[in-house]
Amino acid sequence: MTRLIFLGAPGAGKGTQAQILAESAKIPHISTGDILRAEVKGQTELGLKAKSYMDKGELVPDSLLLDMIRARLSQSDAVGSGWILDGFPRNVSQAEFLDRLLTEIGQNYDLAINLDVPQDRLVERLLNRATIQNRPDDTEDVIRRRLVVYDQQTLPLIDYYRQKGVYREVNGDRELAVVTQDLETLVN
Ligand code: AMP
């Protein structure tokens with residue numbers, strides 16, 4: 001059973017790498033960003049509430065997310081084969097919630113892996129992705145806001161997981177396949 005938490009700034013490539021790893025390990029790739037984008041697209045109540053935060057590069061309030069995570073991790077595929085969490089947790093209170101939830105449902109994670117990429121490369125990558133994927137939160141202003149939010153709210157998770165002895169770092173500023181190789185080695 002593999003259960004991994006993927007950390008990393010916006011643009012670090014964690015979505016892509018998480019997807020590749022999840023496919024090769026045959027486990028669910030659970031991306032809160034993807035789930036939220038689907039909710040926005042479907043114009044659900046949650047999607048409508050989340051959209052204004054996402055468009056500004058802010059984090060969606062925990063109150064909108066926690067039930068969603070609980071429900072997803074309780075589904076049979078996640079219970080039966082593990083998961084890669086991509087984009088959750090994004091702040092310390094989400095990390096604490098996740099720990100409580102996992103204790104409650106009898107699960108635990110193996111590692112929290114951070115894909116490390118220098119800040120200037122992140123902006124470059126995100127602007128590049130903006131032209132390819134046409135995400136509404138990939139304009140330059142919003143990109144810069146997302147990076148500030150990352151520094152302020154998500155970066156503290158490095159210490160959180162380091163203290164638990166599960167933190168690992170991979171240099172994400174290399175060719176995609178080389179990064180994948182390092183991740184596979186770390187996980188297997
Ligand atoms: P991502 O695709 O992971 O970059 O997420 C896109 C956007 O969705 C973020 O900028 C946030 O607005 C929102 N989002 C995704 N995951 C979370 C989370 N764990 N907590 C709060 N907001 C989130």
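Which whole-number percent is the relative contact order of the chain (Cα, under 8 Å, 6+ apart)?
Here the relative contact order equals 34 percent.
If a/c stays under 1.5 just call it rounded; otherwise compare a/b with b/c (prolate if a/b is bigger, oblate if not). Do that for region 26-123, with a ≥ b ≥ c from the square roots of the Cα gyration tensor eigenvalues.
Details: a/c = 1.67, a/b = 1.18, b/c = 1.41.
Because a/c hits 1.5 or more and a/b fails to exceed b/c, region 26-123 counts as oblate.
Carbon and sulfur together cover what percent of the accessible area of region 2-181 at a 1.4 Å probe radius?
Ligands and nucleic acids excluded, carbon and sulfur reach 49 percent.
Just reorder Leu102, Leu127 by solvent-accessible area, largest first, 1.4 Å probe, all chains present.
Working: Leu102 5, Leu127 65 Å².
These residues rank, largest area first, as Leu127, Leu102.
When N is the residue count of the chain, what does its C-alpha Rg come to as a fraction of 2.2 N^0.38 Å?
0.98
For Lys164, give me every one of the lysines with a C-alpha distance below 23 angstrom, ignoring sequence neighbours fewer than eight places off in its own chain.
Once the sequence-local lysines are set aside, what remains near Lys164 is Lys14.
Each residue of region 163-173 in turn: what ³J(HN,Hα) in whole Hz from Karplus with 6.51, -1.76, 1.60 and θ = phi - 60°, glycine and Pro shown as x?
Karplus values, whole Hz, x for Gly and Pro: 4, 8, x, 10, 7, 9, 10, 10, 6, x, 8.
Which residues' amide hydrogens lie under 5 Å from the amide hydrogen of Asn114, considering only partners 5 or more residues apart or on another chain, with H built in the peptide plane?
The list, which skips near neighbours in sequence, is Leu7, Arg168, Glu169, Val170.
What FRET efficiency would be calculated for the residue pair Ala38, Asp99, taking the C-beta separation as r and a Förster radius of 30 Å, to the nearest 0.05?
0.70
Excluding same-chain residues fewer than 8 positions from Lys51, which lysines have a Cα within less than 16 Å of its Cα?
Within the straight-line cut-off, Lys51 pairs with Lys41.
The values are calculated or read from the model by the stated rules, or taken from the named source; none is laboratory data. Keep in mind it's a predicted model, so treat the numbers as computed, not measured. Neighbour counts are summed over all protein chains in view; Cβ atoms, including those assigned to glycine, are modelled from backbone coordinates with ideal geometry. Keep in mind that these areas ignore ligands, DNA and RNA; they rest on the heavy atoms of the full protein, side chains included. Shrake-Rupley method; radii C 1.70, N 1.55, O 1.52, S 1.80 Å.
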